[in-house]
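Structure record follows, encoded as structure tokens.
We did not get these values from a lab; they are worked out from the coordinates using the rules stated. These numbers were taken from a predicted model, which means no experiment stands behind them. Virtual Cβ from ideal backbone geometry, glycine too; neighbours counted across all protein chains shown.
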Amino acid sequence: MSNRTLSRRDFLKLASAAILTASGLLGLEGLFRFLNTQTEPLPPTEFDLGPASNYPPGSRKVLPDIPALLLHAQSGYSAISLVCTHLGCTVESKPEGFACPCHGSRFDPQGNVTRGPANKPLRSLRVEVTSDNELRLYTN
Amino acid sequence: MRPSFFHHLHPPTIPAKQARFRYTLAAGGLAVFLMLVLLVTGILEMFYYIPTPAEAGNSIQTLTFLVPYGGLVRNLHYWSAQFLIIVSIVHLLRVILTGAYAPPRQLNYLLGMGLLVLAILLDFTGYVLRWDEGIRWALVTGTNLVKSIPLIGNALYTMLVGGTQPGPATLIRFYGWHIFGMTLAAGILVAWHSFRVRRDGGIAVPPPPLREDQTRITRFELLRREILAMLLASTALLLLSVFAPAPLAAPITASAPASEMARAPWFFLWVQQMLKLGNPFLWGVVVPLAVLVLFSLIPYIFPKPVKPELGRWFPKSNRIAQALALLILLSIITLTLLALLPAS
Amino acid sequence: MRRYFLLVASFSLLLGLLITAWQESRHPKPIALTPTLTGQVEYCLTCHADLAEISSSHPVNTFGCVLCHGGELLALDANLAHSTMRGGKNPSDFSVVLASCGGTNCHSGTAENSRNHIQRVTTSIQATYAGAIANIRYTFGVQPDLKAVLGEFAIRVPESTSGITELAAFNPTQETNPFVQAFGHNCLTCHLSALPLTGSEYIRYTGCSACHTPTQSPDRTDTEKLQSNQIHKLTTAIIYTQCDTCHNRGNYNLRTMTFEPRQDLPIDRLHDYYQPIAQFTSCEWMLDCVDCHTRTEAMGDGNLYSVKKDIQYLQCKTCHGTLTDLPQTRTLTDPNDLAFRLVLLNPVIDLNLGDTLLITEKDEPLWNIRVLPDGTYELFGKADGQRYVFRPVKGSACLQDPDRQDSGSCHECHSVER
């Protein structure tokens, strides 16, 4: 019978260990919250591209700050993100489409993957014309 | 049970009498603990602190107000640092007042003095890293004191400040000293100091034939006591840090503000008080150095404590050294209190 | 007993950690605001989210708080956050106004002089008090003429076209004449950088806010806010009671250097017109000060002047015309006309292109007065939006001598009070 009951010493040891473990977990939670804080403001998701007249019909303009490619076709304005869908390098716009300098991914002019480690097409981005006839690009 | 790594860091047994709190005041151990807290909290602060004049103050405000537990980490760091100075002085005093610097412990005494100096300098460099209005004049006067040293003053100043006046170069150098240069030196000295404690025979005790009490405690009991002390110290430090925030003023901008009384950090108030007397080199460099040298020479120039009297407070054989130490400490405390009085 | 030490110590540590977590949860959750003008995130709203927008032209999402007020934008401790605020609660105080309200995109330093409000107001007579100082000193023989040489603060305007390019600071303690000293002692509380007298009817801020932040209102319901001095508002619709904090003090007695209020009227110098030496026509009684007194009159034109009369020029005939001439008008053809900007700030009137407004002799638009098709005029009160219709003098039954069409002459017949 007495083999199954806990001695006082063992109980105290167990209790202390439990309390210290709980303390440790609390400390870890605090540490995690501490380390998980962002101090930098989120990067912008809306971009002013200026007057629409800067982008005449038929134009393909690389916007390196976003990075994106703005197209003005007959159907209107559209934009393709130049962020490679593999690991995020900025792809170069080429006559045959887009080429990524990092691991060799290739995309056709519409952004679909033609070769390379990437397996998702380049994102299409939304473009809007404001009431003052300016263009706005959205990356979200 | 089989002794763990931590058990093996301690001797198998130590004399029970000298292991008591009333003998050592646990001062040395507390100092080590506080240094560990400083190390950990300091590393955590490094995730947010930016060592440029434009960003330092803002990054500290971000850490204090906008990061979860950021204020706690900063307050822990601040209070551990201030208590480290106090505990180190208590430890030094204990060693002198129990004659525990007698041979073969003279080298270890010097190592400890080195640690005290490093602790004070770490406190000062950390203080400057705030780069707020509160530290502005302490930085100017402190670095100018270095300039007042004849012959090598200007070269030392340039090495310290990185330019002709305190600025971005100073901040990054102080940062380098604080997080690495002096921390590394302190780490080495702590290791050496702890090693010497064991090599010199542990806590100072009379030789075995002269001991009244022959009982000893095991390394298991010793570690248990240390864990207990750490738990209590942690709790006290935590509660203090939660309810008493570390000071912070507005960041330094180019123009000097309307002056309130500029106060030195508390551990240098005695020097600030002396500097009111005149010559900066004399009162700001020579006298403090003399105090340091005097303390360091105690094991060498005064009658040494005899072995039979070791292991207890106020042995007769080194009364002179004890008196001198207490006198100097009292003077420093008096000067500190005088410095705190409102200016007439 | 000993065996429990470790348990108790562990437990107290856990307790300490729980207290820490609880304290942390009690901190206010930071509320971030990134104003579009600065792009720097600030956290003032954490404590001040319930503060009303200061005006429709200074929306908080565009300006934020710190651009005007200064302060530590990341701090959530009140003392630290407020420690670097400009001018305490009032960033428009003249000691800090250039840093708070100035800048070429804001209220100073533009090419267009009429938009440099800070340069205008700091050189205006309401700020320099140059006229009163010169007048008193001349009256008591301390200076040889009425030309102003001293002002409330030293100021230089090298390009001033008024003949006065510089004022030195008036220092009452350096004056020897006892009357001038008494003037300095009693009367200097009514200029724009002075703290007002104590008393609820004197409460106002300094600087731009002396006029533009309404601390006194006709319905007197804001006494609580008045006492705690917490009015967060900027307006161009300035009610007459705001002017009355300084003006409408009573008859001034040069021998005692005090103001003497009238004894025969119930004294509410803030809300009632009773100024003893004034004559009031009906419109002066009904309208607010800002309905007539123009921007240039109140805030100056950037030059230093000795006397009010040099800058105040509005007359009855400015709006009513004379027996022989109609008041001057301008038809709005330019959508960027100043009148449209002013209406935007205080839309009491619905102005459109093609409307004809009255203008002053200096071409300032009286933007709240429009010519009606039948030749009369409609005025909308700037402070309350009340509509008034009035006629020009020309073609009326006025019997005044055609050569004497100044305001004083109009008052001879039309004043309601003496």
Using alpha carbon positions and the Kirkwood radius, the Rg to Rh ratio of the stretch C:114-291 is 0.97
Principal-axis tilt of helix B:70-97 within chain B, Cα atoms, nearest 10 degrees: 50
Once both label points are put 7 Å beyond Cα along the C-beta direction, the C:THR110-B:THR253 separation in nm becomes 2.5
Low-density loop chymotrypsin sites (Phe, Trp or Tyr not before Pro), the stretch B:259-344, at most 13 other Cβ within 10 Å, DSSP non-H/G/I/E/B, are B:TRP313
Mind pulling up the Rg/Rh value for the stretch B:8-252? Radius of gyration and Kirkwood radius, both on Cα. 1.03
I'd like the mean, over residues of A:12-19, of how many other protein chain beta carbons sit within 10 Å of each residue's own Cβ. 5
Cα-based equivalent ellipsoid, the stretch A:22-80: semi-axes from gyration tensor eigenvalues, Å: 47, 11, 8
Note down, for the stretch B:187-344, the three equivalent ellipsoid semi-axes (square root of 5 times each alpha carbon gyration tensor eigenvalue), biggest first, whole angstrom. 40, 26, 15
The stretch A:64-140 and the stretch C:288-354: distance between their alpha carbon centers, rounded to Å: 56
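Stokes-Einstein at 25 °C, 0.890 mPa s, Kirkwood radius from Cα pairs: D for the stretch C:326-418 in µm² s⁻¹?
My calculation gives 166 µm²/s for D.
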Averaged over C:81-94, how many beta carbons belonging to a partner chain fall within 10 Å of each residue's beta carbon? 1
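Within the stretch C:337-418, list the GluC sites (Glu not before Pro) lying in a DSSP loop whose Cβ has at most 15 other Cβ atoms in a 10 Å radius.
Loop-located and lightly packed - C:GLU361, C:GLU417.
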Two-decimal ratio, the protein assembly as shown, of alpha-carbon radius of gyration to 2.2 N^0.38 Å: 1.34
Largest first, please: the extent of the C-alpha atoms of chain A along each principal axis, to the nearest Å. 90, 39, 23
Send over the semi-axes of the stretch B:220-311's equivalent ellipsoid, whole angstrom and largest first, taken as the square roots of 5 times the C-alpha gyration tensor eigenvalues. 37, 31, 8
Under 23 Å Cα-Cα from A:LYS94, which lysines qualify once same-chain neighbours fewer than 8 residues away are excluded? A:LYS61, A:LYS120
Under 15 Å between alpha carbons, and skipping anything fewer than 8 positions from A:LYS13 in its own chain: which aspartates and glutamates qualify? B:GLU221
Cross-link table C:LYS89/C:LYS362; B:LYS276/C:LYS89; C:LYS362/C:LYS394; C:LYS147/C:LYS233; C:LYS233/C:LYS317; C:LYS147/C:LYS382, entries beyond 29 Å C-alpha to C-alpha: C:LYS89/C:LYS362; B:LYS276/C:LYS89; C:LYS147/C:LYS233; C:LYS233/C:LYS317; C:LYS147/C:LYS382
Cα-only Debye scattering, the stretch C:69-194: base-10 log of I(q)/I(0) at q = 0.16, 0.18, 0.21 Å⁻¹: -0.86, -0.98, -1.15
Placing each pseudo-label 7 Å from Cα in the direction of the beta carbon, C:CYS413 and A:ASN119 end up separated by a distance in nanometres of 9.8
Per residue Cα convex hull volume in Å³ - calculated over the stretch C:256-382: 163
What is the log10 of I(q)/I(0) for the stretch A:81-140, computed with the Debye formula using one identical point scatterer on each Cα and no solvent, at q = 0.29 Å⁻¹? -1.13
How are the C-alpha pair distances of chain C spread across 20 Å bins, as whole percents from the shortest bin up? 21, 51, 20, 6, 2, 0
Label-point separation in nm, B:LEU289 to C:LEU254, each point 7 Å along Cα→Cβ: 7.4
P(r), alpha carbons of the stretch C:21-101 - 5 Å bins starting at zero, rounded %: 3, 15, 22, 26, 19, 7, 4, 2, 1, 0
Straight-line reach from B:LYS17: which lysines have a Cα under 20 Å away, not including same-chain ones fewer than 8 places off? B:LYS307, B:LYS316
Binning at 10 Å from 0, report for the stretch C:48-91 what percent of all alpha-carbon pair distances ends up in each bin. 26, 58, 16
Cα centroid of the stretch B:80-149 to Cα centroid of the stretch B:289-344, whole Å: 16
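What FRET efficiency, computed as 1/(1 + (r/R0)^6) with R0 = 22 Å and r the Cβ-Cβ distance, is obtained for C:ASP350 and C:THR62, rounded to the nearest 0.05?
The value I calculate is 0.30.
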For the stretch A:1-41, which trypsin sites (Lys or Arg not before Pro) pass both filters: DSSP loop (anything but H, G, I, E, B) and at most 16 other C-beta atoms within 10 Å? A:ARG4
